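S.K.: Got a structure here, written out as structure tokens. Questions coming.
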Amino acid sequence: MFLRSLFSAPLMVAATTAFTSRTYVTKMQTKVMDTILTQSPMEVNHLTGVPSPLISPSDRQRLRNDPLLSQLVNMIMRDGKKMRAERFVQTALLDIREHTHSDPYRLLSDAVDLVTPIMDTRSARQGSKVIQVPRALNLRQRRRRAIVWILETASR
């Protein structure tokens with residue numbers, strides 16, 4: 001699978017000297033690794049030997065500075081592994097770009113905008129009755145609720 005840079009940044013290729021310098025790596029394994037690395041910007045995890053897509057510095061800055069993407073990354077993050085969540089979001093956005101041939105950020109923001117609720121209801125007592133009182137949600141609460149709904153639907 002050929003991965004293009006997420007936001008039209010230059011492609012990056014990592015050196016894999018630790019993986020290919022082992023004596024027990026077969027020629028076929030090195031050939032497969034070379035073709036994978038020449039087709040897409042990947043880095044090889046030296047502990048597992050599994051290639052993973054590189055996140056360019058500009059993409060990493062956009063993932064951290066953009067409020068929608070950073071909130072999405074923080075909601076996907078488990079056990080404090082933010083780089084793993086960033087890599088997961090970046091790979092998902094690259095897949096969206098590959099399948100739809102359009103801007104993945106615009107698709108994500110449109111999807112979140114379509115799902116966001118504007119109001120929430122709170123329980124309030126009025127005399128002996130409990131009534132539902134509507135209240136407006138701020139932008140961060142609306143985005144959070146939309147992302148939760150999208151993630152719940154995707155996991156089904």
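The values are calculated or read from the model by the stated rules, or taken from the named source; none is laboratory data. What you see is a predicted model, and the numbers here were worked out from it, not measured in a lab. Backbone-built Cβ (ideal geometry, glycine too); neighbour counts: all protein chains shown. Keep in mind that these areas ignore ligands, DNA and RNA; they rest on the heavy atoms of the full protein, side chains included. Shrake-Rupley method; radii C 1.70, N 1.55, O 1.52, S 1.80 Å.
S.K.: Which condition does Asp95 not pass, out of (1) farther than 15 Å from Ala146 by Cβ; (2) in contact with a Lys or Arg (Cβ under 8 Å, 6 or more places away or on another chain); (3) in a helix (DSSP H, G or I), if it passes all the others?
M.R.: Evaluating Asp95 over (1) farther than 15 Å from Ala146 by Cβ; (2) in contact with a Lys or Arg (Cβ under 8 Å, 6 or more places away or on another chain); (3) in a helix (DSSP H, G or I) leaves (2) as the failure.
S.K.: If you scan segment 72-83, which residues turn out to be in a helix (DSSP H, G or I) and over 17 Å from Ser58 (Cα atoms)?
M.R.: Scanning segment 72-83 gives Leu72, Asn74, Met75, Ile76.
S.K.: Take the residues in segment 118-129 that are among the hydrophobic types (A, V, I, L, M, F, W, C) and surrounded by fewer than 11 Cβ atoms within 10 Å (Cβ to Cβ), then tell me which one is nearest to Leu72 (Cα to Cα).
M.R.: The initial filter retains those residues of segment 118-129 that are among the hydrophobic types (A, V, I, L, M, F, W, C), namely 118-119, 124.
This time we only want the ones that are surrounded by fewer than 11 Cβ atoms within 10 Å (Cβ to Cβ), so: 118-119.
Details: Ile118: 19, Met119: 21 Å.
Ranking the qualifying residues of segment 118-129, first place goes to Ile118.
Residues checked against (1) more than 31 Å from the chain's Cα centre (by Cα); (2) open to solvent by 80 Å² or more (accessible area, probe 1.4 Å):
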{"position": "Leu108", "(1), (2)": "no, no"}
{"position": "Asp113", "(1), (2)": "no, yes"}
{"position": "Ile131", "(1), (2)": "yes, no"}
{"position": "Pro134", "(1), (2)": "yes, yes"}
{"position": "Arg143", "(1), (2)": "no, no"}
{"position": "Arg156", "(1), (2)": "no, yes"}
